[in-house]
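Novice: Next up is a structure, given as C-alpha cells.
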Amino acid sequence: MGGVDILHVDDDKGLASLTADLLERKDSRFNVETAASATEGLQLLDDFSPDCIVSDFEMPGIDGLEFLQAVRAEHSKLPFILFTGRGSEEIASDAISAGATDYLQKQSGTDQYELLANRINNAVTRYHSEKQLRETKEEYAAVFENARNGLLLVDVEQDGFRFRRCNSRVQEFTGLAESELIGKTPQEALGDENARAVAGAYRKCVDMRETISYTVTLTHPVGEVVHEVNTTPIIRDGEVEQLVVAFTDITERYAREQELREERAVIQQALDTLDEPLFVTDTHGTLKHCNRRALEATGHTEQTAVGTAITDLFPDDEREMITDAVDNALRTGRTTVTASLRLDSGQRQPYKLRAHSLTDLDNNIAGLVILGQDAPDT
C-alpha cells in the first residue's frame, strides 16, 4: 500500500489540526486534509479522493451521521470512521447501521491516535483489497462476456456436473437461453444423448486434471451443431472444483472439410483406376501423393512413401538424372525422361516419365505431377 490520503472533518479546528499532525507522525504514508464542517468536507470530496474519511459526530448544521449518509450516497464503499467525543452504544449502533466502517470514541492523551491510525490502516487495507478484487472480477466478467467463444463455467459435483455460468455466445451457438442452462445438470439442460457426450468429456477432463480438446456434435434448438471444445479444470486444494468450457461452432467448416474429404476420396478412386504409376511432389521434390499403382510398383505404403524424396524411388545411378528432370520441369513447366523405378522385388522397371508443373490459386508453382508409362528395356 502506498500513500494514504485521509479527510478529517471536525468543527474544532485546533483538534483537527492536532489530529492531522499526530496521525502523520504515527505513519509517514498518511496525508491528512482537514475540513471544519460536513459541508466543507463534501465540497472537498469533489476534488479530493481520499482513501478514508475520519469525522466528528457533533457538528453544527450537518452532524456526523448525516454527513455519513451523504457520503454513502456517492461513495458506498469508502472507509468512514466516526471519531467522536460523544459516546454511547446508541450512537455506535446508528453509525454502523448507516454504513460507518468503524466507530471510535475520543479519549484523553495521545495513545488514542495510535489506535485511530491502526483503525485507518486496517480499513484502508481492506478497502483496497476489496476494490482490487471487485475490479479483477469485473475484468474477468468483461472478458468472459465478450469472448468470441461460447464459455461455460461448470461445477463439478459428487455425482455429476451443473452449469454455473455462461456468456451470450452460448445462446448464439446453441439457441439455449441462460435460464435453460444455469443451475441445471447436462441431462436437464441438453437431454440424455447430448448429456452423455458432454459428461463423458467432462469426466475425462476431471480424471486427467488438464485441458482437453475435442470435437463433439450435439443437437440444439438451432439444429445439429459441431462444437470444437477446450475444457480446462479449476483445481483448488487438490480437487477439481469447476471446469471452464470454451467452444465454438464449426458446423460450416466441418461440412466444408467433409465435402473436401469426400471429393478427395472420389479423386483418389479415379487416380487408382490408372494402370500407370502417378506421383505428386512439392517444389523440393518431396512426395506428397501417390496412386495405388505407384505404391504397388515400389512396394511402399502411403505412410512410407509420402514425405520421402522422389529420387529415393530410383536406382543410385539414375538419381542425378531425376533431380535434373525435376528442376527442369519446375523451371519450364514440363519435361519427359526415361528412367527405371526400383521395384519391390529389387529389379528395375523402365518408365517414360512425363512431369507437369502444378500451380496454386495465386498461379505460383506448387509442385509436379509425374505420370509413368511402360517403356521398353534399354
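The values are calculated or read from the model by the stated rules, or taken from the named source; none is laboratory data. Source: prediction; values computed, not measured. Ideal geometry is used to build each Cβ from the backbone, glycine not excepted, and the neighbour counts take in all protein chains shown. Calculation scope for accessible area: heavy atoms of the full protein, side chains included, ligands and nucleic acids excluded. Shrake-Rupley method; radii C 1.70, N 1.55, O 1.52, S 1.80 Å.
Novice: Tally the residues that are without any contact (Cβ under 8 Å) to a residue 12 or more places away in the chain and not hydroxyl-bearing (Ser, Thr, Tyr), restricting the search to the range 301-323. Quick ask: steps written out before the conclusion?
Specialist: Step one: list which residues in the range 301-323 are without any contact (Cβ under 8 Å) to a residue 12 or more places away in the chain, which gives 301, 303-304, 312, 316-317, 319-320.
This time we only want the ones that are not hydroxyl-bearing (Ser, Thr, Tyr), so: 303, 312, 316-317, 319-320.
Qualifying residue count, the range 301-323: 6.
Novice: For the subset of the range 358-376 comprising residues that are part of a loop (DSSP other than H, G, I, E, B) and under 22 Å from residue 274 (Cβ atoms), which member is least open to solvent (accessible area, probe 1.4 Å)?
Specialist: Filtering the range 358-376 for residues part of a loop (DSSP other than H, G, I, E, B) gives 360-364, 375-376.
Then keep just the ones that are under 22 Å from residue 274 (Cβ atoms); that gives 375-376.
Working: 375: 18, 376: 104 Å².
Among residues in the range 358-376 that are part of a loop (DSSP other than H, G, I, E, B) and under 22 Å from residue 274 (Cβ atoms), the one least open to solvent (accessible area, probe 1.4 Å) is 375.
Novice: Return the residue satisfying two criteria in turn: it lies in the range 155-199 and is closer than 23 Å to residue 241 by Cβ and assigned to a loop (DSSP other than H, G, I, E, B), and of such residues it is least open to solvent (accessible area, probe 1.4 Å).
Specialist: 167
This table checks each residue for (1) farther than 19 Å from residue 158 by Cα; (2) touching a Pro at 6+ places or on another chain (Cβ under 8 Å).
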{"site": "172", "(1), (2)": "yes, no"}
{"site": "177", "(1), (2)": "yes, no"}
{"site": "196", "(1), (2)": "no, no"}
{"site": "204", "(1), (2)": "no, no"}
{"site": "211", "(1), (2)": "yes, yes"}
{"site": "216", "(1), (2)": "yes, no"}
{"site": "220", "(1), (2)": "yes, no"}
{"site": "223", "(1), (2)": "yes, no"}
{"site": "228", "(1), (2)": "yes, no"}
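Novice: For the range 268-314, how many residues are part of a loop (DSSP other than H, G, I, E, B) and among the charged types (D, E, K, R)?
Specialist: Filtering the range 268-314 down to residues part of a loop (DSSP other than H, G, I, E, B) leaves 273-277, 283-285, 291, 299-301, 306-308, 314.
Retained after the next criterion (residues that are among the charged types (D, E, K, R)): 275-276.
Matching residues across the range 268-314 total 2.
Novice: Scan the range 345-357 for residues that are surrounded by fewer than 17 Cβ atoms within 10 Å (Cβ to Cβ) and in contact (Cβ under 8 Å) with a residue 60 or more places away in the chain and jot them down.
Specialist: none
Novice: Let me ask another. Give all pairs with beta carbons closer than 9 Å in which a residue from the range 127-142 that is closer than 15 Å to residue 79 by Cβ meets a residue that is open to solvent by less than 90 Å² (accessible area, probe 1.4 Å); count only pairs at least 6 apart in sequence or on separate chains.
Specialist: 127/51; 127/52; 127/78; 127/79; 127/101; 128/51
Novice: May I ask you to say which residue of 85, 2, 14 is exposed (fewer than 14 other Cβ atoms within 10 Å of the Cβ) and under 24 Å from residue 131 (Cα atoms)? Explain how you work it out, then say what you get.
Specialist: On the way: 85 fails: under 24 Å from residue 131 (Cα atoms); 14 fails: under 24 Å from residue 131 (Cα atoms).
Going through 85, 2, 14 in turn, the sole match is 2.
Novice: Could I ask something else about it? Tell me, please, whether a residue that is open to solvent by 20 Å² or more (accessible area, probe 1.4 Å), at pLDDT 90 or above, in contact with a helix residue (DSSP H, G or I) (Cβ under 6 Å, 6 or more places away or on another chain) and of a type in the set (A, V, I, L, M) can be found in the range 137-151. Steps first, please.
Specialist: Here is the first cut: in the range 137-151, the residues open to solvent by 20 Å² or more (accessible area, probe 1.4 Å) are 137-149, 151.
Right, trim to at pLDDT 90 or above and you get 151.
With in contact with a helix residue (DSSP H, G or I) (Cβ under 6 Å, 6 or more places away or on another chain) added as a condition, the list becomes 151.
Among the residues that remain, those that are also of a type in the set (A, V, I, L, M) are: 151.
Yes, some residue in the range 137-151 is open to solvent by 20 Å² or more (accessible area, probe 1.4 Å), at pLDDT 90 or above, in contact with a helix residue (DSSP H, G or I) (Cβ under 6 Å, 6 or more places away or on another chain) and of a type in the set (A, V, I, L, M).
Novice: What's the total number of residues in the range 324-344 that are surrounded by fewer than 16 Cβ atoms within 10 Å (Cβ to Cβ) and in contact (Cβ under 8 Å) with a residue 40 or more places away in the chain? Give the steps one after another, and end with the answer.
Specialist: Going through the range 324-344, the residues surrounded by fewer than 16 Cβ atoms within 10 Å (Cβ to Cβ) turn out to be 324, 327-328, 331-334, 336, 343-344.
From the residues that got through so far, the ones that are in contact (Cβ under 8 Å) with a residue 40 or more places away in the chain too are 343-344.
Number satisfying all stated conditions: 2.
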